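A.B. asks: What follows is a single structure, and I will ask about it in a moment.
The values are calculated or read from the model by the stated rules, or taken from the named source; none is laboratory data. Predicted model only: the values in this text are computed from it and were never measured. Here the Cβ positions follow ideal geometry from the backbone for every residue, glycine too, while neighbour counts run over all protein chains shown.
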Amino acid sequence: MTSSPTPPPLSDNQRRHALNQALHARTVRAQALQQLRDGDTDIETLLTLADRDRAVARIKVFDLVKALPGVGPVGAQHLLEQSGIDRTRRLAGLGVRQRTSLLEVTTYPIRWRTKH
């Protein structure tokens, strides 16, 4: 049986700093998704923000679509299938065509229940 490599030792200050960075990133992502739920922002704005904010760029596309008002897990899956984007993708991993497709399928009114 092989053992996995051990991470390098960190000092208490390094560990605390890493924990604070992780907490900040989770908070930024949660705030961005909440703003989308509340209608204070839109997907296009978040895609633009993802180009310069590493924390926002790490949001999964599935979570982003699911945060849209009126869209749940099933609707999010249908929208991603329509746009040809895998549910495990993150905003940073989307190409130009995928971004355009995502914006097209999430433009209101969203009609994920109808066949096109």
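A.B. asks: With the requirement that a residue be aliphatic (A, V, I, L, M) and free of Cβ contacts under 8 Å to residues at least 24 places away in the same chain, what does the stretch 17-60 give you? Outline the logic, then answer.
C.D. replies: Taking the stretch 17-60 and keeping what is aliphatic (A, V, I, L, M), we get 18-19, 22-23, 25, 28, 30, 32-33, 36, 43, 46-47, 49-50, 55-57, 59.
Of everything in the stretch 17-60, those that are aliphatic (A, V, I, L, M) and free of Cβ contacts under 8 Å to residues at least 24 places away in the same chain turn out to be ALA18, LEU19, ALA22, LEU23, ALA30, LEU49.
A.B. asks: If a residue must be surrounded by 15 or more Cβ atoms within 10 Å (Cβ to Cβ) and not hydrophobic (A, V, I, L, M, F, W, C), how many such residues does the stretch 47-87 contain?
C.D. replies: 11
A.B. asks: Pick from the stretch 4-46 the residues that are among the small types (Gly, Ala, Ser) and modelled with pLDDT under 95: which of them is surrounded by the fewest Cβ atoms within 10 Å (Cβ to Cβ)?
C.D. replies: Only one residue fits best here, namely SER4.
A.B. asks: So, one more: Select from the stretch 45-69 the residues that are touching a strand residue (DSSP E or B) at 6+ places or on another chain (Cβ under 8 Å) and part of a helix (DSSP H, G or I) and list them in ascending order. Walk me through how you get there before you give the answer.
C.D. replies: Step one: of the stretch 45-69, the residues touching a strand residue (DSSP E or B) at 6+ places or on another chain (Cβ under 8 Å) are 57-61.
Result: ALA57, VAL61.
A.B. asks: How many residues are in a loop (DSSP other than H, G, I, E, B), under 18 Å from ARG37 (Cα atoms) and either modelled with pLDDT of 95 or more or not small (Gly, Ala, Ser) (or both) if we restrict to the stretch 70-90? Steps first, please.
C.D. replies: Filtering the stretch 70-90 down to residues in a loop (DSSP other than H, G, I, E, B) leaves 70-72, 84-89.
Among the residues that remain, those that are also under 18 Å from ARG37 (Cα atoms) are: 70-72.
Next cut, either modelled with pLDDT of 95 or more or not small (Gly, Ala, Ser) (or both) only: 71.
Residues that pass the stated criteria total 1.
A.B. asks: Moving on to the next point. Please count how many residues of the stretch 27-44 are assigned to a helix (DSSP H, G or I), within 20 Å of ALA76 (Cβ to Cβ) and in contact with a helix residue (DSSP H, G or I) (Cβ under 9 Å, 6 or more places away or on another chain).
C.D. replies: Initial filter on the stretch 27-44 (assigned to a helix (DSSP H, G or I)): 27-38, 43-44.
Keeping just the survivors that are within 20 Å of ALA76 (Cβ to Cβ) gives 29-38, 43-44.
Imposing the further condition that a residue be in contact with a helix residue (DSSP H, G or I) (Cβ under 9 Å, 6 or more places away or on another chain) reduces the set to 29, 32-33, 35-36, 43-44.
Here the count works out to 7.
A.B. asks: Please go through the stretch 91-116 and give me each residue that is more than 14 Å from ALA67 (Cα to Cα), modelled with pLDDT under 90, in contact with a Gly (Cβ under 9 Å, 6 or more places away or on another chain) and surrounded by 10 or more Cβ atoms within 10 Å (Cβ to Cβ), ordered by number.
C.D. replies: Matches in the stretch 91-116: TRP112 only.
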